[in-house]
1. Most mobile of B:272, B:140, B:71 per a Gaussian network model of chain B (Cα springs, under 10 Å)?
2. Using the Kirkwood formula on the Cα atoms of the protein assembly as shown, what hydrodynamic radius do you get, in angstrom to one decimal?
3. Using DSSP, restrict attention to beta bridges with both residues in chain B and report what percent are antiparallel, rounded to the nearest 5.
4. GNM, chain A, Cα, under 10 Å: largest mean-square fluctuation among A:198, A:20, A:152?
5. How big is the antiparallel share of DSSP beta bridges in the protein assembly as shown, given as a percent to the nearest 5?
6. Helix-only estimate, please: 222 nm mean residue ellipticity of chain A, summing -39500 (n - 2.57) across DSSP H runs of length 4 or more and dividing by its residues, to the nearest 500.
7. Given the convex hull over the Cα atoms of region B:193-269, what projected area results after averaging over all orientations, in nm²?
8. Taking just the C-alpha trace of region B:65-231, give me its Rg and Dmax in Å.
């Protein structure tokens with residue numbers, strides 16, 4: 001069964017009094033445990049689709065089911081709670097909270113879960129170990145390199161064991177070596193944990209690391225390609 | 001862990017890591033709270049000293065149309081004639097010499113009183129002995145606040161207004177006039193003040209009436225009695241006398257209250273503006289928190305918790321500073337020989353701390369609401 005079902009999904013914005021159809025009757029299914037790259041030119045609707053999948057934005061019309069939940073039926077606070085349980089989100093610019101240490105950043109989403117301090121600690125340490133940054137747990141974001149910051153951000157996204165890992169150009173701000181390290185990490189998560197990953201990227205080489213590539217053009221599905 | 005504790009914990013971490021900002025905000029709130037509490041204590045002191053109360057029994061007899069201890073001269077023999085009037089319970093002739101007749105924060109007021117009259121009043125002494133003072137011609141019983149201000153102890157010497165005395169005791173009293181005076185033997189002060197001249201002249205009479213209801217009646221009777229005499233008198237209840245004598249201090253206290261209110265409002269405005277700017281600056285952080293699953297209420301709670309923490313810490317610190325400063329300084333506003341001292345009422349400090357907490361919450365109410373209502377997708381556009 002598909003984890004994500006988009007049926008005739010539309011998202012319109014008004015820009016200068018004119019309606020812009022960012023997503024135009026998009027139909028798309030994403031399987032549980034799959035690894036999908038979303039590609040397309042600027043303005044094709046990739047990030048908008050990712051935001052809809054994360055419950056960050058709302059569709060104008062159409063239906064979006066994630067793990068059986070119709071996101072349109074949830075109010076703002078219900079969506080927030082749903083995100084905290086089902087979504088791990090990785091930003092292009094990491095977006096770690098600058099005043100918190102790596103450990104505290106990773107612990108942050110767990111503060112919303114009813115866990116004991118010991119369980120929280122175990123999970124944070126495990127997440128930091130999975131991105132090879134256990135030794136940097138006390139560092140503030142400004143004391144980390146870009147690649148390390150992104151790995152902490154990934155640990156933060158994973159620590160709640162989300163149903164869905166969403167990444168918006170996660171390697172867009174990294175050099176090739178760090179980008180490869182992040183992609184290796186995503187590949188390992190997918191293979192070893194069966195993590196469902198949806199990743200927006202502009203980079204063909206990065207997209208090839210996914211199982212399949214979904215291409216959008218003008219808000220419509222242009223193609224779906226399996227990895228070669 | 002409760003949801004509220006999570007927000008408070010996050011706010012604490014954030015405040016701890018933004019040390020400079022936190023110290024500046026807490027410091028600002030602390031100084032404002034200290035200022036407001038100090039002004040409130042002074043205001044309370046002014047009210048205590050100048051508001052006529054129902055049970056008041058003390059009258060001050062002064063020379064008519066004289067407004068300074070240097071100018072008020074009454075024959076000491078008036079005491080017997082006043083004592084004979086109906087409704088008078090006690091009369092104490094008092095000679096007053098001050099080091100400065102104008103408004104000042106450090107005036108030494110000598111009050112010369114007859115030994116037997118002071119014995120009859122059974123004053124409370126924090127240190128020293130009444131007998132030692134009684135047997136010591138140039139001895140003085142120094143009020144607690146004057147002693148604190150001048151660093152005086154039993155055995156210390158005090159020189160002011162050309163008069164030298166030795167401290168024989170530290171006086172405790174509910175009356176701020178006594179807490180800020182040096183009580184000497186009447187004859188000694190008369191002799192020193194007259195610079196070798198004759199005694200028999202006093203500055204005022206402190207009259208106690210037997211029935212508070214007869215206060216005005218007795219005052220009128222005294223003034224009537226001496227109306228045609230060589231030294232006509234003006235008799236007022238003690239609080240009214242203080243209010244008249246210290247009118248400039250009362251006016252200054254009123255003005256300082258206005259300044260204090262202005263300062264509090266300005267500080268609140270600055271705090272609110274700072275919190276608005278801080279929250280705007282942190283919109284990206286809040287967008288990330290909301291992406292992680294923090295609800296609107298959760299974001300509001302974080303902002304409010306930071307405001308409350310700043311208000312609570314600043315308020316407690318400010319109240320503590322005000323308490324410490326006022327209790328150590330022995331502050332007294334003295335004018336024309338009467339003193340007004342701040343009253344350190346614990347309720348003022350509790351109220352000031354509570355107001356700082358509420359101000360912290362109010363200052364962050366709008367930023368908290370704004371932070372929680374912003375569209376997440378718009379915030380993230382700026383963040384990603």
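1. Its mean-square fluctuation being the largest, the pick is B:71.
2. On the way: mean 1/r = 0.0331 Å⁻¹.
In the protein assembly as shown this quantity evaluates to 30.2 Å.
3. Details: 35 of 45 bridges.
Counting only bridges with both partners in chain B, antiparallel ones make up about 80 percent.
4. A:20
5. Percent antiparallel among DSSP bridges in the protein assembly as shown is about 70.
6. Using -39500 (n - 2.57) per qualifying helix, the result is -9000 deg cm²/dmol.
7. Numbers: hull surface 36.7 nm².
With the hull built on Cα positions only, its mean projection is 9.2 nm².
8. For region B:65-231, the Cα-based Rg and Dmax read 16.0, 46 Å.
Computed from the coordinates by the stated procedures, all read-outs in this text should not be read as laboratory data. As the structure is a prediction and not an experimental result, all values here were calculated from the model. Here Cβ is always computed from backbone atoms with ideal geometry, including for glycine, and neighbour counts include all displayed protein chains.
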